[in-house]
1. How many of the residues in the stretch 126-165 are within 17 Å of Val215 (Cβ to Cβ), of a type outside the set (A, V, I, L, M, F, W, C) and not in a helix (DSSP H, G or I)?
2. Would you call Ile45 surrounded by 15 or more Cβ atoms within 10 Å (Cβ to Cβ) and either farther than 18 Å from Gly13 by Cβ or out of contact with any strand residue (DSSP E or B) (no Cβ under 9 Å at 6 or more places or on another chain) (or both)?
3. Residues of the stretch 13-35 being assigned to a loop (DSSP other than H, G, I, E, B) and either more than 24 Å from Gly183 (Cβ to Cβ) or in contact with an Asp or Glu (Cβ under 7 Å, 6 or more places away or on another chain) (or both), which ones?
4. How many residues does the stretch 214-237 hold that are among the small types (Gly, Ala, Ser) and at negative phi?
5. Test Lys115 against the criterion of being under 16 Å from the mean Cα position of the chain (by Cα) and either modelled with pLDDT of 95 or more or among the charged types (D, E, K, R) (or both), and give yes or no.
6. Would you please list the contacts, defined by Cβ atoms under 6 Å and residues six or more apart or on different chains, that run from a residue in the stretch 16-37 that is over 15 Å from Ala3 (Cβ atoms) to a residue that is surrounded by fewer than 24 Cβ atoms within 10 Å (Cβ to Cβ) and among the hydroxyl-bearing types (Ser, Thr, Tyr)?
7. Yes or no: Leu103 assigned to a helix (DSSP H, G or I) and either at negative phi or polar (S, T, N, Q) (or both)?
8. Taking the stretch 149-186 on its own, how many of its residues are in contact with a Pro (Cβ under 8 Å, 6 or more places away or on another chain) and closer than 18 Å to Ala98 by Cβ?
Amino acid sequence: MSARRAVVFGASGGVGGAFARQLAREGWDVHAGGRSELGYAAEGIEPFHFDYANEASIARAAEEIGREPLDLVFVATGILHGEGFGPEKAWSMIDGAAMAQVLAVNTIGPALVAKHFLGLLHRERRSVFAALGARVGSIGDNRLGGWHSYRASKAALVMLVKDFAIELARRNPQAIAVTLHPGTVATALSAPFQGNVADDKLFTPEFSAERLRMVIDGLTQEDSGRHFAWDGALIPD
């Protein structure tokens, strides 16, 4: 069997970078994409640039990378807060421009990746499309409310991945599409909220990436379209 090939979007971030490096250590051929430079170099990793605000950059990456089939597409991008905005504690805090920015990164961006990369997944053997979700994106598990833009963007992503799984199965019954919750990881995304997290529940990017790899390795075709946590637990829609 030829070397397995993977594409990681968001590889300049904590979880995406750790995931790309782990795959490379395992002997995968890895294409690692980021909006900014990766900030690291590793054997087996080929960097590329993309920008969700420029769909042509994603299409160009697909054209260059997709000359051979892919075994894994991993989307590790996400946004929770930015300049002048953060997760809303009440509906009165909703800002249309901020919500649009969150949706653009958490929902529309991964959808554009799927548009250009799902068709590049291997058709002759098992292949996986995985996007980082969030437990707070579960409608059935929502008991606290708030965080409206982030919750909505991740819930919409779960629905999109379910859609992709249905369509993907018609093309290749061996292909799997899932959403994965990485846990609370010590990255810039969670930095303002880490004080409220118990030490044993705040993961390093390396730990989260390792556990997500274990979840991906254990997936079957029956799991396609579902949302899983870092420990393999099924998260309700």
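1. Residues meeting the conditions: 4.
2. Details: surrounded by 15 or more Cβ atoms within 10 Å (Cβ to Cβ): yes; either farther than 18 Å from Gly13 by Cβ or out of contact with any strand residue (DSSP E or B) (no Cβ under 9 Å at 6 or more places or on another chain) (or both): no.
Answer is no for this residue.
3. So the first thing to find is which residues in the stretch 13-35 are assigned to a loop (DSSP other than H, G, I, E, B), and the list is 13, 26-28, 35.
The answer is Gly27, Arg35.
4. Taking the stretch 214-237 and keeping what is among the small types (Gly, Ala, Ser), we get 218, 224-225, 229, 232-233.
With at negative phi added as a condition, the list becomes 218, 224, 229, 233.
Qualifying residue count for the region: 4.
5. Taking the combined requirement at face value, the residue satisfies it.
6. Hits for this filter: Gly34/Ser12; Ser36/Ser12.
7. yes
8. Looking only at that region, the number is 3.
The values are calculated or read from the model by the stated rules, or taken from the named source; none is laboratory data. What you see is a predicted model; the values in this text were computed from it and never measured. When we count neighbours, we look across all protein chains shown, and the Cβ atoms used for this are built from the backbone with ideal geometry, even at glycine.
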